[in-house]
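One structure below.
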Amino acid sequence: MHRIIGLAVAAMLVSSNGVASVTVAGEIPGGFGEEMVQRGPGMDVTALLTSARGAPPMICALAAQSVRRWGWGGDWNDAPATPLRAIVSAVNDQLSLNSGKLPAEDIERLMSGLASDDACVRELSVRILGTQRDDEPVSRGLIVRLANNDASLREVAALGLGFIEPESAIDPLIRSLRDATPGVRANSAWALGRIEDGRALRPIVSLFSDESAMVREAAIVAAGHMESTATVAALIRVVRQDNAPNVRRVAAWALGNIESREAVQELSRALAQDADARVREMSAWALGNIEDRSGTSALSSAARSDADDRVRETAVWALAQIEDGTSLEVLGQIVGSDRSSRVRGTAAWAIGQLDGRGMRAPAGLLRALKDDSEDTRVKAAWALGELGDVNALPAIREALRTEQTQQVQRALIRALMESGGRSEADLTALLNSSDPRVREAAVRGLAGKNSFNPWPWPQPRPRPFP
């Protein structure tokens, strides 16, 4: 049984909201699926494989389904021939995990499983019950268990109510916010945040000073999802005073999600001074989501000089969200000199987001056309197309003479056309190219802006969320 639990835990470490979390050495390619891979703590592959050996197939199938990556064509679970395909089919068809109502006898077994002394059984039971969102007996059974003498049963019952979100659970969950067990209080706050009923807001805010960091974090996330401006003052105090970095981080997220302009000053202070990079990263994200120009100075400083690559990249992204044209110079410096290609690429994308048609292209953006990173080059070329600066034509032409990558070539041709490079010499060189892809891109460019988009469409990586 320890092996089964280990397998489930290892699989959960691999997956976070359906996105693989791996240790990245070097740069990540710029494609859609690859951009969704986030930097994070490496999984213990040895522990994962050791736990998997000999595990019951049904349990292994459930764990395997959590290891996926989403993309344009769906997730990995639609693959036609996998080692466990028969068992995975049974999970989907017999247990009806994705849709449909479970038989009453299975509901009863799962309810009994909530009281098991085995953590794996409790975890699977509550998650399968959580698929039964419109089942009144399930809601009623979980509410009854929320008052049980067993703390572990109350904890898992609150978790299940968060999965199915029944309005009938609001008052019992509010009462459970005063439970003596931190896990019950945390799960109850989390569940109420998912239900999003205003009656729970004040009791949830009262947990911002709970002795347990886990409870404070859950309560703040719940308040952030409720998006009430009444919580702003309390959230600002948390960002300023809480001793747990994770709690400060989610408080910054909540302020950004609420889009509180009153929080810009405190978020700017946290971005400049907080000792934890995760807090600074989320503060930068929040400032970008609020889109108030008074945060530009703090973001510019962080984008130039923060020691953490993720903080600098998020600050660059935030500057693009604010769309303050005065950021052009700072972004130009970053795209031409930052040590991280991720930051340089996002800075190039940000320049294109500034609505700077007619602005002079920064020297750093022109240098980025020769960047070692293909991702940075394609975003730099796209940004030059957005600026349409005729003075950039020599650099664009030079880059086209040496660029070998199709994606970058196409973006450069668009930049050439958008910057006025439609001379006979330019067009003759492109249309007579030995590369049919260049000729095709040139023809599309001649047909007009609306008929030609660069590939790939530049976007930054996913932003941080709690």
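Values in this text are rule-based calculations from the coordinates and carry no lab data. On a predicted model such as this, the values are computed, not experimentally measured, just so you know. Note: ideal-geometry Cβ built from the backbone for every residue, glycine included; neighbour counts use all protein chains shown.
Test of understanding: what is the full-extension gain from residue 244 to residue 404, defined as 0.36 nm times their sequence separation minus their Cα-Cα distance?
On the way: separation 160, 0.36 × 160 = 57.60 nm, distance 4.91 nm.
Extending this stretch completely gives an extra 52.7 nm.
Residue-wise HN-Hα couplings along the range 163-176, as the Karplus relation 6.51 cos²θ - 1.76 cosθ + 1.60 with θ = phi - 60° gives them from phi, are 5, 9, 6, x, 5, 5, 8, 4, 5, x, 5, 4, 5, 6 Hz; Gly and Pro carry x.
Listing 131, 82 from fewest to most neighbouring C-beta atoms within 10 Å gives 82, 131.
If you take the square roots of the eigenvalues of the alpha-carbon gyration tensor of the range 166-231 and sort them as a ≥ b ≥ c, do you get rounded (a/c under 1.5), prolate (a/b over b/c) or oblate? Cα axes put the range 166-231 in the oblate bin. For residue 116 and residue 308, a Förster radius of 41 Å and the Cβ-Cβ distance give a FRET efficiency of 0.45, rounded to the nearest 0.05.
Just want the ordering: 373, 116, from fewest to most Cβ atoms lying within 10 Å of their own Cβ.
116, 373
Using R₀ = 45 Å, calculate the FRET efficiency as 1/(1 + (r/R₀)^6) where r is the Cβ-Cβ separation of residue 136 and residue 432; round to 0.05. My answer for the efficiency is 0.05. In sequence order, the range 335-349 has phi-based couplings of 5, x, 9, 4, 6, 9, 5, 4, 5, 4, x, 5, 5, 4, 4 Hz under the Karplus curve 6.51 cos²θ - 1.76 cosθ + 1.60, θ = phi - 60°, and Gly or Pro positions carry x. Here the Karplus relation 6.51 cos²θ - 1.76 cosθ + 1.60, evaluated at θ = phi - 60°, turns the backbone of the range 293-302 into coupling constants of 5, 5, x, 4, 4, 5, 5, 4, 5, 5 Hz, with x for every Gly and Pro. Averaged over residues, the count of other Cβ atoms within 10 Å places the peptides 331-342, 239-250, 212-223 in the sequence 212-223, 331-342, 239-250, highest first. Could you tell me which of rounded, prolate or oblate describes the range 95-203, using a ≥ b ≥ c as the square roots of the eigenvalues of the alpha-carbon gyration tensor, with rounded for a/c under 1.5 and, failing that, prolate when a/b is larger than b/c and oblate otherwise? Since a/c reaches 1.5 but b/c is at least a/b, the shape of the range 95-203 is classed as oblate.
Distance from the Cα centroid of the range 298-327 to that of the range 44-63 is 42 Å (rounded to whole angstrom).
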